[in-house]
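Trainee: Before anything else, here's the structure in question.
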Amino acid sequence: MKRKTGFGFLVATAAFGALGFFLRRWQLETAFESETGLLTPGRPATAALIALVVVAAAVLTALAVGLFRGGERPRGYLANLAAPNLVIGLLTLLAGALLFAGGALGIRDFALQMDDRIVRLVLGISLAVTGVAVGLIGLLGQQRKEAKGRFAGALLAPGYCACVWLIAAFQGHTANPNIMEYVFLLLGILCAIFAGYAAASFAFETPRPVLCAVASSMGTVLLFIALADRSWGMDRLALCGFLTHLFVQLLCLVWCRMYPPELEEWTPPQEEEDVSQQQVQPRGEEDE
């Protein structure tokens, strides 16, 4: 039953995201005035897109509760988010590369005075750091030795970066009266913040699997919708990077629930050296 629910959860997330992308393209073509860019009320594309988001939130929340409520609840990070195979690890590395490239592009634009807003520079630096952190998550997810707090530093980076992204994205639309033009992006970034917070909770053995699943899945759907917008440069790379990261995170979470990984307890290198020194004593000390 868990496996059917898990596969259904992943398929539903991808289906809602793809359908939302096409509905958003339809809305952009038919529901906005070409001269002013304002939303035309009463267009079917807008109603269909809003209905899709509401239905997606209800269905994905119900699937997440059904999959992660009840039964044994593993507490550690790898017990919940270990990468099932090398392909998933490579996808995480891809997400990190996209985020890092977006950050590098933003820093370059500021250096060349193509965009002199400080918040954009801060976002570029945050994206570059987060790209490295997400790449590290992809490498660490291949391991099978668990310990409390082991992955905390890398796991906290995406959530903090999403906070900076939210500020930068909202600041860029403060003078825009058309909320429908950017609301899906802002909601998707909010989901990325909650997903990053929930993923980091596993490293501290205070698991929030339902929150992580709902935020990751809805973040995937909403950012997939926002992918239909006409964004370029750092914004486009950040969008693609977070979209890939959230879906891979969801895939790992669901997969570990369906097929729990076999883990070992991780011992820090310094403690391993101390144990080995205690076990191997000089011959003279043993004789005494």
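The values are calculated or read from the model by the stated rules, or taken from the named source; none is laboratory data. What you see is a predicted model; the values in this text were computed from it and never measured. Because the Cβ atoms are built from the backbone with ideal geometry, glycine has one as well, and the counts that use them run over all protein chains shown. SASA here: full protein model, heavy atoms, side chains in, ligands and nucleic acids out. Shrake-Rupley method; radii C 1.70, N 1.55, O 1.52, S 1.80 Å.
Trainee: So which residues in segment 37-50 are more than 23 Å from the chain's Cα centre (by Cα) and either basic (Lys, Arg) or open to solvent by 50 Å² or more (accessible area, probe 1.4 Å) (or both), if there are any at all?
Mentor: Within segment 37-50, the subset more than 23 Å from the chain's Cα centre (by Cα) is 37-48.
Within segment 37-50, 38, 39, 41, 42, 43, 44, 47 meet the criteria.
Trainee: Checking residue 240 against (1) over 19 Å from residue 135 (Cβ atoms); (2) at pLDDT 90 or above: exactly one of these is not met. Which one?
Mentor: Residue 240 satisfies all of (1) over 19 Å from residue 135 (Cβ atoms); (2) at pLDDT 90 or above except (1).
Trainee: Can you tell me which residues in segment 28-47 are within 30 Å of residue 247 (Cα to Cα) and touching a Pro at 6+ places or on another chain (Cβ under 9 Å)?
Mentor: If the condition is that a residue be within 30 Å of residue 247 (Cα to Cα) and touching a Pro at 6+ places or on another chain (Cβ under 9 Å), then 30, 31 are the ones that fit.
Trainee: Scan segment 201-220 and report the pairs whose first residue is more than 17 Å from residue 69 (Cβ to Cβ) and whose second residue is hydroxyl-bearing (Ser, Thr, Tyr) and crowded, with 24+ Cβ neighbours inside 10 Å, with Cβ atoms within less than 6 Å and a gap of 6+ or a chain change.
Mentor: 203/77; 220/13
Trainee: Looking only at segment 187-238, how many residues end up being outside any helix (DSSP H, G or I) and touching a helix residue (DSSP H, G or I) at 6+ places or on another chain (Cβ under 9 Å)?
Mentor: Applying the first criterion (outside any helix (DSSP H, G or I)) to segment 187-238 yields 204-208, 227-232.
Subset that is touching a helix residue (DSSP H, G or I) at 6+ places or on another chain (Cβ under 9 Å): 204-205, 207-208, 227-231.
Final tally of qualifying residues: 9.
Trainee: Filter segment 149-172 for residues that are in contact (Cβ under 8 Å) with a residue 12 or more places away in the chain and not in a helix (DSSP H, G or I); which is least open to solvent (accessible area, probe 1.4 Å)? Talk me through it step by step, then tell me what you get.
Mentor: Taking segment 149-172 first, the residues in contact (Cβ under 8 Å) with a residue 12 or more places away in the chain are 149-171.
Checking which are not in a helix (DSSP H, G or I) leaves us with 149-151.
On the way: 149: 32, 150: 62, 151: 7 Å².
Among them, the one singled out is 151.
Trainee: Could you tell me which residue of segment 218-241 is surrounded by the most Cβ atoms within 10 Å (Cβ to Cβ), considering only residues that are over 11 Å from residue 20 (Cα atoms) and within 15 Å of the chain's Cα centre (by Cα)?
Mentor: Here is the first cut: in segment 218-241, the residues over 11 Å from residue 20 (Cα atoms) are 218-219, 229-241.
After this cut, where a residue has to be within 15 Å of the chain's Cα centre (by Cα) as well, the list is 218-219, 237-241.
Details: 218: 28, 219: 30, 237: 23, 238: 32, 239: 23, 240: 19, 241: 27.
Ranking the qualifying residues of segment 218-241, first place goes to 238.
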